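Have a look at the structure below before the remarks.
What follows draws every value from the coordinates through simple rules; no lab data is involved. These numbers come from a predicted model, not from an experiment. FYI the Cβ positions are ideal-geometry reconstructions off the backbone, even for glycines, and counts take in every protein chain you see.
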Amino acid sequence: MADTMQFDLVSPERRLASLQVTSVQIPGADGDMTAMEGHAPTITTLRPGVLSVDGPEGTSDYVVTGGFAEITAKGVSVLAERAVPKGDMTQAHLDEMMEEARTMYSNAKEAFENEPGPVDDAAKLLSDMVAMGDHMGLTAKQ
């Protein structure tokens, strides 16, 4: 059996997980990555997506909307802006997340009228939220 490492997932509301795992699949802002024991130290930002952990107890999936993941040789710590166990994710959760993303996009378009960078970032966030919903079989209301 592969060696295990410590995994911690925390959101502002609560600690969702603290367990020994063999791997963590992270939806990184610059691309998905898998961390295992002995991984090179890395800090990455998260994009909306599904974070999966595999361990002796099986696989657990969590929906995250952003935040940071710190990977060390001994483990992974994820500080998520919002995190929900995938099994608890509902259409109402997605609708709420989509509304927040739409508001951020509208605010960015107003505040940064002639600066495409922040507007593009907000548009990407909205697009990532739609893709995440599609991945889970939920529909983003237009």
Theoretical gain in end-to-end length, Thr90 to Lys109 [0.36 nm per residue, Cα-Cα removed]
4.0 nm
Quick one: which residues, 5+ away or cross-chain, put their amide H under 5 Å from the amide H of Ala29? H built at 1.01 Å from N.
Thr45, Leu46, Arg47
Nonlocal amide H pairs with Ala17, under 5 Å, H built at 1.01 Å:
Leu9
³J(HN,Hα), Karplus 6.51/-1.76/1.60, whole Hz, each residue of region 73-81, x for Gly, Pro
5, 9, x, 10, 10, 10, 10, 9, 4
Assigned charges on the beta-carbon of Lys, Arg, Asp, Glu; region 90-136 dipole about Cα centre (debye)
60
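For the chain, what does the alpha-carbon gyration tensor say about shape, rounded, prolate or oblate, given a ≥ b ≥ c as the root eigenvalues, a/c under 1.5 as rounded, and a/b over b/c as prolate? Before the final figure, lay out each step's value.
Details: a/c = 2.53, a/b = 1.67, b/c = 1.51.
Since a/c reaches 1.5 and a/b is larger than b/c, the shape of the chain is classed as prolate.
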What list of ³J(HN,Hα) couplings, whole Hz, do you get for region 14-27 from phi and the Karplus terms 6.51, -1.76, 1.60, once you set θ to phi - 60° and write x for glycine and proline?
5, 8, 8, 7, 8, 8, 8, 9, 9, 7, 9, 9, 10, x
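Quick check: from the Cα gyration tensor, does region 90-136 come out rounded (a/c under 1.5), prolate or oblate?
Values: a/c = 5.59, a/b = 2.07, b/c = 2.70.
Verdict is oblate for region 90-136.
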To the nearest 10 degrees, how steep is helix 91-111 against the longest Cα principal axis of the chain, on a 0 to 90 scale?
50
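Report relative contact order for region 90-136 in percent, whole number only (criteria: Cα-Cα under 8 Å, sequence separation at least 6).
Numbers: 21 pairs, mean separation 20.5, N = 47.
This gives 44 percent for region 90-136.
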Rounded, prolate or oblate (a/c below 1.5 giving rounded, otherwise prolate when a/b exceeds b/c) for region 43-83 by Cα gyration tensor:
oblate
Degrees, to the nearest 10: 116-136 long Cα axis against longest axis of the chain:
60
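Which whole-number percent gives the relative contact order of the chain, counting Cα pairs below 8 Å spaced six or more residues apart? Let's see the in-between values first.
On the way: 282 pairs, mean separation 28.6, N = 142.
20 percent.
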Report the Cα centroid-to-centroid distance between region 65-87 and region 1-24 in angstrom, as an integer.
8
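Size of the dipole of the chain about the Cα centre, Lys and Arg at +1 and Asp and Glu at -1 on the beta carbon, nothing else charged, in debye to 20?
Working: 10 positive and 23 negative charges, 35 e Å.
In total the dipole reaches around 160 debye.
First select every other residue whose beta carbon is under 14 angstrom from the beta carbon of Gly137; then total the charges, Lys and Arg +1, Asp and Glu -1.
Numbers: positive: Lys86; negative: Asp61, Asp134.
Combined, the nearby Lys, Arg, Asp and Glu give -1.
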